[in-house]
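Just below is one structure, and these are the notes that go with it.
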Amino acid sequence: MADLRSDTVTRPTRGMREAMAKAAVGDDVFGDDPTVNAFEAHVAELFGHEAALFTPSGTMANQIALQLVVPAGGELLAGADAHVVTYELGAAALYGGISTRTWGPDGAALDAERIAAMIRPAGYPSVPTAAIAVEQTHNLGGGGVVPLATLRHLRAVADAQGVALHCDGARIWHAHVADGVTLAEYGALFDTLSVCLSKGLGAPVGSLVIGSRERIARARLIRKRMGGGMRQVGILAAAGRYALDHHVQRLTEDHERARIIAEALAPFGVVDPEQVRTNLIPLDLSKHDLDAPALAARAAERGVLISAMLPRVARLVTHLDLDDEAMDHAIDVLSELLANP
Ligand SMILES: Cc1ncc(COP(=O)(O)O)c(C=O)c1O
């Protein structure tokens, strides 16, 4: 069996489970969990920010951050293919009263000047733009990495126009190892970030919101209001700490396997290996006889699980639990299916 549906399918390793079992815990809603407190401080420091807050999911981390930087009735600018726009089920409008306007879809190929031109000032009759959200790496953008120069340009735009910049950094670790940009360099460019421990790092659950002390104090209240206050959650923070200490640098292996898969499938005209920068491999089936659900169904019959993202786009994802044997099996099965539709 080779499971390439998502990097969220990874399971905690033995070392991680041992760290979880040993974690000192307390009631985190009272601020009493020493493992959570230390972990939040550690992650804040990694990104050069004052504070961080542990949340159950990346979606909750994003939504808390958006409420921090956009007041109800204010506007968020984001890519039409951003996770906060597509997969968070209208949460920004529902929970934050946030109005969202989109660019693109451009994946990771952002045009900072175009985004700058979209910003609306406060005052009748327009909805004032309060923040811009960027995704690093870009999920629907095929794991693309937004270049550091583009982010710097956007930061300058945000400063000049007085709007905040949020990073949906669910896979910012992947960008960090792919481009060699430090987490602190990324951190310095954003007012708020969300980061995930459950995407390819082996942790069973957990994300963080990162920002200033004042913002994270507000985030704590928003999290509680959203039902995300957790109790002896040091067990999960210990898994997150283990993931960051042991499973970030090894992401280069996942990126290398993704490149090998892309090169093996390139002759079928479904993927450009040059575009595969991290651990996500989108397959463009627009010119192929098999559509994405058909390819996924036939691959599953042979023990290879992949995702049909759109009718003509399938996605393969490499991760901690996908070794060379599983990779080779996936290449063999997918090559055969693509050659004989
Ligand atoms: C880019 C991005 N942001 C946020 C999330 C949300 O994470 P969660 O599933 O933990 O809510 C995901 C999930 O895959 C994601 O890919």
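Report the extension gain between residue 339 and residue 250 in nm, rounded to one decimal, defined as 0.36 nm multiplied by the number of residues separating them, less their alpha carbon distance.
The span from residue 339 to residue 250 would gain 28.8 nm if fully extended.
For the stretch 123-227, which whole-number percentage of the solvent-accessible area (1.4 Å probe, protein heavy atoms only) is attributable to carbon and sulfur atoms? Display every interim value, and only then the final one.
Working: 1990 of 3540 Å².
The C+S portion of the solvent-accessible surface of the stretch 123-227 is 56 percent.
Take every Cα-Cα pair in the stretch 178-232 and report what % of them are more than 18 Å apart.
Cα-Cα pairs in the stretch 178-232 separated by more than 18 Å: 48 percent.
Would you grab the residues whose amide H sits under 5 Å from the one on residue 2? Only those 5+ places off in sequence or on another chain, please, with H modelled 1.01 Å from N.
304, 305
What ranking, highest mean first, results for peptides 219-232, 74-87 when packing means the other Cβ atoms within 10 Å averaged over each residue?
74-87, 219-232
Compute the accessible area per residue over the chain, keeping the other protein chains in place, probe 1.4 Å, unit Å².
Heavy-atom accessible area per residue stands at 41 Å².
What does the highest-first list of 270-276, 287-293, 130-136, 52-58 look like by mean Cβ count within 10 Å?
Sorting 270-276, 287-293, 130-136, 52-58 by mean packing, highest first, produces 130-136, 52-58, 270-276, 287-293.
Taking all protein chains in place and a 1.4 Å probe, what share, in percent, of the accessible surface of the stretch 13-79 do carbon and sulfur account for? Before the final figure, lay out each step's value.
Working: 1410 of 2550 Å².
Taking all protein chains in place, the stretch 13-79 shows 55 percent carbon and sulfur surface.
Give the peptides 258-265, 195-202, 151-158 in descending order of average Cβ contacts within 10 Å, highest first.
195-202, 258-265, 151-158
What does the C-alpha gyration tensor say about the overall shape of the chain? Classify as rounded when a/c is under 1.5, otherwise prolate if a/b is larger than b/c, or oblate.
It is oblate, given that a/c is not under 1.5 and a/b is not larger than b/c.
Pop out the ³J(HN,Hα) list for the stretch 101-109 in order, Karplus 6.51 cos²θ - 1.76 cosθ + 1.60 with θ = phi - 60°, rounded to Hz; leave Gly and Pro as x.
10, 10, 10, x, x, 10, x, 8, 8
How high is the relative contact order of the stretch 1-128, in percent, with contacts defined as C-alpha pairs under 8 Å that are six or more residues apart?
Averaging sequence separation for qualifying contacts and normalising by length gives 15 percent for the stretch 1-128.
Would you please give the FRET efficiency between residue 87 and residue 305, computed as 1/(1 + (r/R0)^6) with r the Cβ-Cβ distance and R0 = 25 Å, to the nearest 0.05?
Working: r = 19 Å, r/R0 = 0.77.
It comes to 0.85.
Could you work out the helix-only [θ] at 222 nm for the chain, with each DSSP H run of four or more residues adding -39,500 (n - 2.57) and the total divided by the number of residues, to the nearest 500 deg cm²/dmol?
It comes out at -13000 deg cm²/dmol, rounded to the nearest 500.
The values are calculated or read from the model by the stated rules, or taken from the named source; none is laboratory data. It should be emphasised that the depicted structure is a prediction, and the values quoted were computed from it without experimental measurement. All Cβ positions, even for glycine, are placed from backbone atoms using ideal geometry, and neighbour counts span all protein chains on display. The protein model used for the area step is the full one, side chains on, heavy atoms only, and it has no ligands, DNA or RNA in it. Shrake-Rupley method; radii C 1.70, N 1.55, O 1.52, S 1.80 Å.
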